[in-house]
Amino acid sequence: MNKKNQKTEWPLWEVFYQPKDGKPFEHAGSVHAPDAEMALQNARDTYARRNEGIAFWVVPSDQIVASTPEDVGPFFDPANDKPYRHPQFYSVPRAVKKRK
Amino acid sequence: MDTQQQLDEFQKRIDNGETIEPKDWMPERYRKQLIRMMSQHAHSEIVGMLPEGNWITRAPSLKRKMVLLAKVQDEAGHGLYLYSATETLGAERRELVEDYLYGNAKYSSIFNYPTLTYADICVIGWLVDGAAIVNQTMLAKSSYGPYARANLRICKEESFHKKQGYEMLAKMADGTPEQQRMAQDAVNRWWWPTLMMFGPHDSDSPNSAELIKWAVKTKTNDELRQHFVDRMVMEAEAIGISLPDPNLKYNEETGHWDFGDIPWDEFWSVVKGDGPMNRERMRARRKAYEDGEWVREAAMEYARKKKLREGKAS
Amino acid sequence: MSTLDTIPKTKQESLVEVLLRLGDDRLIHGHRLSEWAGHGPELEEDLALANVALDMIGHASSLYSYAAKLEGKQDEDHYAYFRDDIDFKNIAMLELPRVDFAFTIAKQFLFSAFSYFLYRDLIDTVEDEQFNGMLQKHFKEIKYHLRHSREWVLRLGDGTEESKKRIQSAFNDLWMYTGELFDQDDTEKAAISHNLYVDVTSFKEEWMKLVKETLEEATLDVPDNDQYMFSGARGGRHTEHLGHLLAEMQFLRRSYPDAEWK
Ligand SMILES: [Fe+2]
Ligand SMILES: [Fe+2]
């Protein structure tokens, strides 16, 4: 047995699934697969065993670009001083609230 | 080397209840401990397919056959989630797998016991998955994000595992004399090994304190075990099954059930490889891995050729 | 209706017969696939094989349930656990031992392709509502089984030298069991007259074309049709393998038939 044979480690893919029609895609997890078609099939077989998703995206994991913790400050702070962007900024009349 | 300042800041984050994500700074030792613990958890899910897989083709009704197959399949899924989570720490699945197949990595000793009758399948669902739920519910709050999320997903699936086992065991315990005999015999064999699943006593568990300090775990082995025993005593009684421990007694003072001495000699000998099924389990897993090599290779080769063809075409 | 060589007379007898033929194919196929659980070539494929097995056993279970209702038997388990090998109507290919992954994939592909055309045409033909509803539901899953196995045939055929050798020899070994797929007997003719089955020979060419094109794309040789073809399993004359399969599958249930096992 030839150990550490890198040739046969299938690449890693990130799986995103759409829980319901019209909903945004969410990260489900990852799978190993030799190519895109198999990655899609593996995503289905792994992450839709209980009908969790109706559609899938698969993306090679090494193609994901993520922000680093160091980015946290400059990247995300600007919105902090724009409270008017957040719905909680606005009060809703009591009568409207009640109807919900 | 990690500096004291880094370590202090990290500890502060942990103590604040923050979640650590893959790209965050973490002590080398935290990473190492996680890789060890998470991959061990993953290996256990995979080896755990074997004892139950042993009864899929013999399950006594079509319903039970499907339930069992779906459960064993779920365990493959659990292994997959856990390997993926471990890979976020920079390890590769293949390396991890080869570490237990050919190296020193461990998996849960519970799977080194044989499934002799169909009642074993029910008891595994009830006791072994029951114990796994106790453990994994805690781990779903682990400080390492990917591990916590993997466990959360696992927990959602696990409750079906326990329910199906408990339900069928209840039927057997209430069934024909032959079924009752099988059910009680299976419980007698699995009870003590299940208690060992939580690991050695806190005093003999060198990793425990560190894992708790880092909030990878939030409860000690003995705390989890006690929680489990308290629950199972009730559940056993509810279906008329007795637990094979003459020292089991309710303690008014502590509000918990006291139990007898766990046969630790057996535990350590199974951990070291001398259990009834260690060699067979490893043989079966190695065979699957080695027999699969040409399949994995073929798929990669096809992908390579296809890419080449597409490159030429464009 | 499960005696050897008896041709169904009434419409209901025909319906039961068809339900059991489809059900037996699926149960036996699912059983063999389920043997892979924990032994697959990669985790992802372990999950995939189990999914197909679960679909197959699930299809069998609902087909049997309907037959049980029609015949007044207790439930679906009657057909799985309390019939002998001469009562089983599955085609022989599906009872063969699993050998290796290539053999499983080749078998899966040949059978899925057959099921694809069969179900497609049955859906247009069958008037019985409950039966047709099942067919439509199962057809969706069959399409996926076909896609999955076809993609694997391509990968194994056009993969490495070893994979090519293995999948080629799997197709060669399986070929003598493909004739039976298109053997039409009097039982089927009776069912056709009640709009409960279709003439399988009517899609034989389409099946052949799909198989041929896939094998060619996979750089494989299509085995020679001009060879000995096994037949008779639909009428209860099986290979030696089915007896062993059933011995394993049925032993516990038959040992304690009065016990509750559901
Ligand atoms: Fe699990
Ligand atoms: Fe489980």
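May I ask for the Kirkwood hydrodynamic radius of region B:64-133, worked out over all distinct Cα pairs and given in angstroms to one decimal?
Taking every pair of different Cα atoms in region B:64-133, averaging 1/r and inverting gives 14.0 Å.
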message = Averaged across B:92-98, how many Cβ atoms of other chains sit within 10 Å of each residue's Cβ atom?
response = 4
request  = Take every residue in peptide C:48-56, count the Cβ atoms of other chains within 10 Å of its Cβ, and give the average of those counts.
outcome  = 5
Relative contact order [Cα under 8 Å, 6+ residues apart], region B:106-214, whole percent = 35 percent
key: Ordering of C:78-87, B:303-312 by packing [mean C-beta count within 10 Å, highest first]   = C:78-87, B:303-312
query = With the calculation restricted to Cα positions, what are the radius of gyration and Dmax of region C:4-71 in angstrom?
reply = 15.2, 49
task = Please work out the FRET efficiency for the pair B:Glu210 and B:Gln4, using the Cβ-Cβ distance as r and a Förster radius of 22 Å; give the result to the nearest 0.05.
result = 0.85
query = Dividing the Cα radius of gyration by the Kirkwood radius, what Rg/Rh value follows for chain B?
reply = 1.01
query = What does the helix-only formula give at 222 nm for chain B: each DSSP H stretch with n ≥ 4 adding -39500 (n - 2.57), the total divided by the residues, and the result rounded to the nearest 500 deg cm²/dmol?
reply = -21500 deg cm²/dmol
request  = Determine, for each peptide in C:233-246, C:104-117, the mean count of other beta carbons within 10 angstrom over its residues, then list the peptides with the highest first.
outcome  = C:104-117, C:233-246
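Could you work out the mean count of beta carbons from other protein chains within 10 Å of each residue's beta carbon in C:171-180?
0
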remark   = Over the Cα atoms of the protein assembly as shown the radius of gyration and the largest Cα-Cα distance (Dmax), both in Å, equal 27.5, 87
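Report the net charge of residues surrounding C:Tyr66, where surrounding means a beta-carbon distance below 15 angstrom and charges are Lys +1, Arg +1, Asp -1, Glu -1.
-4
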remark   = Here region B:11-26 yields Karplus 3J(HN,Hα) values (6.51, -1.76, 1.60; θ = phi - 60°; whole Hz; Gly and Pro given as x) of 4, 5, 4, 4, 5, 6, x, 6, 9, 8, 10, x, 8, 5, 5, 8
query = How high is the relative contact order of region C:1-86, in percent, counting Cα pairs under 8 Å that sit 6 or more residues apart?
reply = 29 percent
remark   = Cα-based Rg and Dmax for region C:120-262, in Å, come out at 18.9, 54
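Kindly give the semi-axes, whole Å and largest first, of the ellipsoid equivalent to region B:247-304, taking each as the square root of 5 times a Cα gyration tensor eigenvalue.
Listed largest to smallest, the semi-axes of region B:247-304 are 47, 17, 7 Å.
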Convex hull volume per residue for region B:163-256, taking Cα atoms only, in Å³ = 120 Å³
query = Over region B:91-164, how many percent of alpha carbon pairs lie in each 10 Å bin up to the one with the longest distance?
reply = 18, 34, 39, 9
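We did not get these values from a lab; they are worked out from the coordinates using the rules stated. Here the structure is a predicted model, which is why all the values come from computation and not from measurement. Here the Cβ is made from the backbone with ideal geometry for all residues, glycine too, and neighbour counts use every protein chain on show.
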